[in-house]
Every structure is written in C-alpha cells, then in structure tokens.
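Peer 1: Okay, here's the structure, questions in a sec.
The values are calculated or read from the model by the stated rules, or taken from the named source; none is laboratory data. Not measured: the values here are computed from a predicted model. Note that we place each Cβ from the backbone using ideal geometry, even for glycine, and neighbour counts take in every protein chain shown. Keep in mind that these areas ignore ligands, DNA and RNA; they rest on the heavy atoms of the full protein, side chains included. Shrake-Rupley method; radii C 1.70, N 1.55, O 1.52, S 1.80 Å.
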Amino acid sequence: MTSQSIIQGMVLLLYLIAMIMVGFVFYKKSSTHSDYVLGGRSMNVWVTSMSAQASDMSGWLLMGLPGLAYLLGAGATEAAWTAIGLALGTYLNWLLVAKPLRKYTQAANNSLTIPDFLQNRFKSKSNGLRVFSALFILIFFVVYTSSMFAAGANLFDYIFGIGYHPALILSVVVVAVYTFLGGFKAVCWTDLFQGLLMFLTLVVVPVAMYRGLLQIDMNTLNTAGTALEVAGSKFSLKSLGFTLAPTQSFGIMGIVGAIAWGLGYFGQPHILARFMAIKSPKEVRPARIIAMVWVIISLAMAVIVGMVALPYIMKLYASGQITDPTSLAILNANGVLEGANTQKVFMVLVQNMFPTVIAGIMLAAVLAAIMSTADSQLLVASSSFSSDIYHTLFDKNASDKKLVNVSRLAIVIISVIACLLAIDPESSVFEIVAHAWAGFGAAFGPIILCSLFWRNCNGKGALAGVIGGGAVALLWAYIPSMIWGADVPGLFSLYEIVPGFIVSLILIFAVSKATGGASDEVKAEFDRVKASPDE
C-alpha cells in the first residue's frame, strides 16, 4: 500500500466514522416504529430534498453513468438521453406525486410504507396486495442493494488494493452499521451531507478538466477514437461535440428506453418514503426547487466527465502524468479503461488530477453516492419486512420495540444476501441498477399514480397491476436474450420498464372496471383527501 493510499484511506476512515456517529446520535431518537421507519414525518425542506436525490442517484451517478458515457465517448447518446429522462422523471415525480402522497398516506390510517398505504387506500380486507407488494420490494431491493455494495467494493479495492471480496465485506459492514443503529433519521441526515459532497465534487472535477481539454489536439482525439473502437465501443470519437440524434447502434428504441428511465421514479419506494416523511405538504414546492437544481447540474456534469475522460486520461498517460499504481494497473497499453474498469473512470481522474488529501475527499464523494442509496434501500426493505410481512402475517400485536428490533434483524439478513449477489467482481453497477429500477417502476409506478388520481381504482386492480407489471419487467429483461442471445429483435430490446409499465396500467384499469370499481367508502375518502387543504 502506497503513502497516497494510506493518506486517502485515513480520509475515508474519518468520513466513515462520522457517518457511524450520526447513527449513534439518532439511536435513542428512534425508539418507536414510526420514528425508525419514517422519522415521525418531521423532515425539513433541505433534508427531504437532498436525501431524496442522494438516495436516488446512488453509486451509478459517479460510477455507472460516467462509465457508460466513457464507453460511448463523445457520441454518448445513450448516457445523454438517460440523463434527460431522469431529470424529467425527477421533476414530474416531485410535481405530481410528492404532495398528494404526503397527504394521502397520513389520511389513510397514517401509512408508514408503500404496501401499508396501498392496503389502507383501497380498504383491502385481505393481505394479498400488501404482502405481494412487500415481496416485490424485498426482491428488487436486495438486487439494487447488491449493486451498491459492488460499487463500494470497487472503491475500497481501488484505494486500498485489498482485493474485491475483502473490499465487498468492508462495504457491507459500513453501510449496515449506521443504518442498523439510527433508522430513517440517521439515513436522511447522512444523505443531506452526502448529497452536498457529491454535488460539490461533480462541479469541481469538470471545471478542473477544462484547461487540460483545451490542450488536447486532434491527433489525440483520433488516437482515442481508435483505442475506444478496439476496446469494444459502438461509437467512434471524432470530436468533442456530441449529438442527441439516433445513431445506427442507438436508434429510436434506444432513445425511448433511455427516456423511460424517468418512468421509474413514480415507483421507487426509497424516494417515495421521503415524500411521505416531509414535515408538511406546503414544504414540497421549495424542496422540489432544491432537488431540481441538484439533479440537473449533477447529471449534466456526470455525463460530461465521462464523455471527455478518454482523451483526457490518454493525454495524461502518454505524458507520464499518471503515477498512481492503482490507476496504472487498470489502464491498458493505450491508457484506456476496459470492461468493468470503465466504472472506475471518475476515480482515475480524481486520483491523478488533485493533491492526495483533496483526492481523498473527492473519493469520499463516490462513497457518499453509494452509501446514500444503499442505506435507504436497506431501511425501506427492512421496514417493509417488519411492517408488511412480519406484523401482518405473524405477530399483529407486536410492540413498537419488537418491530424496530425485527427491522434491525432484517437489515442484517438483507445485507448478507445482497453481499452474496454482489460476489462477482465483474458485476456492472449500471446494468444491475437498470433491472432493479425497471422492476420498481413497472410494479409500483402505475398504481401509485392511479391511487392518487383515479377515484374508481380498486384493490383487485391494484394487485393485478403490481404483479403484472413486476412480472413483465422481470421476464422482458431475461427471456429475449435467452431465446435470441445477443441478436435480440428491435422491439424486444426495449428497456423492460416500458412494457412492464404499460401492462400494469392496462391491468389496473381493466380489472378495476371488471370488478365494479371502488366502493363508496373508498371514493368518499378519495374526495376528502383531494379537497383537504395543505397543512
């Protein structure tokens, strides 16, 4: 281990200790199940907005997205359209869902989780809707969390050089500990600081790259383009400009699929939980403004960094300015990152552009991106297990203290399972996140929208939509490639969230209509909530 690694390791260690201390601070303040799961609905504007966005973007903002843009070079069409879809989805989610969900979850028997809300919203007498929803949350969040642990392992391995698997264990332990201790309040407050650190880093890095980019000549660009083609990219790097127009390799289906990432927001339980926890519906608008500024700038900077990183790193490599042994070990003979190592492009840049301590702080931003999502996913999954499965099926009279303990036990179990799923060091953070994101979006997005805006929707339609949307997303992601291999026909190459979302909507409407629609009691409550003033 080099002196540089030791210093940066100390910076990361101090950062980790600070996060764990937050968990200890809120340990005694999370005595009730409502506090542990939803923070007592007491989150302020800044905590809500920054926590929602930090938990949303995850490690893929500083690893998966720049890595994708790096692979595609200056023709980063897919990465650019994905960023646009995410920005649109974020805005519409805050605009359409945040305030009505905050009001309705409190009116519907003070619902603490999404499955709890769905059962209370439709006055379901059976537990089918609640249990199936909870199972989908557990399945998709275990997968999603595994991608965050994989991202953390890549970071720790990059810094400490300890190997992927020991780094994976370290990643799991750190995130699980402070989530276990502090619950929702600890997660949200750590997300606030982590979101600010991520934002600052994403602004500083491209600004620092600007001067070096002006010194890159066309010969370097042409060499970079050739190297990128050899590395397996579908695009050639011709200039520093890029286009949003379809290319031969990325057509209309690709653009539709990339923008469709935005649909996923309506069904992400860890983001929806922030809307449910904000102190008052009146605070949604200022929170939305803060969130949108953060999102637009962060996404744009992440894509730009990835797009221009190839010629920049090659220039540094050719001139002998890359001296970090870890970076040299993962660059090929041309100074190009390949395979899973493309996800480390942001780390390579930071490590070789800034003084050791500054680089350590910026690498902590990568860790912040990972932790801010993994902790939220662990908490929502464990809360869903304790509230919607254990409390509903096994112990209806469980005390608050017992439910908090069950949630903490669930965090440990889910962490272990997610760790096992992330055991492959070649795991793609972007790809894993894409599947989990689509699953949530297709299973929950349509029913969240229908529950808030369609008074005649009923529980049977909701159950059909959740199961149908989630199942189609799962099958669409894997069955076509099993049948056709790499040559999947155009329609079946569409991102699975699109068919899953459409099927879910159709089932909700069709089944609700076929089974008589909502009862008078459900419609009356819907009308009361819609007419109620913001508190």
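Peer 1: Could you say whether any residue in the range 489-497 is in a helix (DSSP H, G or I), buried (at least 19 other Cβ atoms within 10 Å of the Cβ) and either modelled with pLDDT under 90 or on the phi < 0 side of the Ramachandran plot (or both)?
Peer 2: Checked the range 489-497: at least one residue is in a helix (DSSP H, G or I), buried (at least 19 other Cβ atoms within 10 Å of the Cβ) and either modelled with pLDDT under 90 or on the phi < 0 side of the Ramachandran plot (or both).
Peer 1: Please verify whether Phe444 is in a helix (DSSP H, G or I) and modelled with pLDDT under 90, treating the condition exactly as stated.
Peer 2: For Phe444, the condition - in a helix (DSSP H, G or I) and modelled with pLDDT under 90 - is not met.
Peer 1: Which of the numbered conditions does Ser249 fail, given that it passes all the others? Conditions: (1) modelled with pLDDT of 90 or more; (2) surrounded by fewer than 16 Cβ atoms within 10 Å (Cβ to Cβ).
Peer 2: (1)
Peer 1: Okay, next question. Is it the case, given these coordinates, that Ile137 is open to solvent by 20 Å² or more (accessible area, probe 1.4 Å) and either at pLDDT 80 or above or not basic (Lys, Arg) (or both)?
Peer 2: In short, no.
Peer 1: For the range 514-533, which positions are free of Cβ contacts under 8 Å to residues at least 24 places away in the same chain, open to solvent by 50 Å² or more (accessible area, probe 1.4 Å) and either farther than 24 Å from Asn110 by Cα or small (Gly, Ala, Ser) (or both)?
Peer 2: Ala514, Ala531
Peer 1: Among the numbered conditions (1) modelled with pLDDT under 55; (2) part of a helix (DSSP H, G or I); (3) buried (at least 21 other Cβ atoms within 10 Å of the Cβ), tell me where Ala291 comes up short.
Peer 2: (1) is the only condition that Ala291 fails.
Peer 1: From (1) at pLDDT 70 or above; (2) closer than 30 Å to Ile423 by Cα; (3) exposed (fewer than 14 other Cβ atoms within 10 Å of the Cβ), pick out the condition that doesn't hold for Gly232.
Peer 2: (1)
Peer 1: Turning to a different aspect of this structure: Could you look through the range 409-433, keep only residues that are assigned to a helix (DSSP H, G or I) and modelled with pLDDT under 75, and pick out the one that is surrounded by the most Cβ atoms within 10 Å (Cβ to Cβ)?
Peer 2: Among those residues, the one meeting the criterion is Val429.
Peer 1: Out of all the residues in the range 109-163, which are hydroxyl-bearing (Ser, Thr, Tyr) and either touching a strand residue (DSSP E or B) at 6+ places or on another chain (Cβ under 9 Å) or in a helix (DSSP H, G or I) (or both)? Don't jump to the end; show me each part of the working.
Peer 2: Quick first cut of the range 109-163, residues hydroxyl-bearing (Ser, Thr, Tyr) only: 111, 113, 124, 126, 133, 144-147, 158.
Correct list: Ser133, Tyr144, Thr145, Ser146, Ser147, Tyr158.
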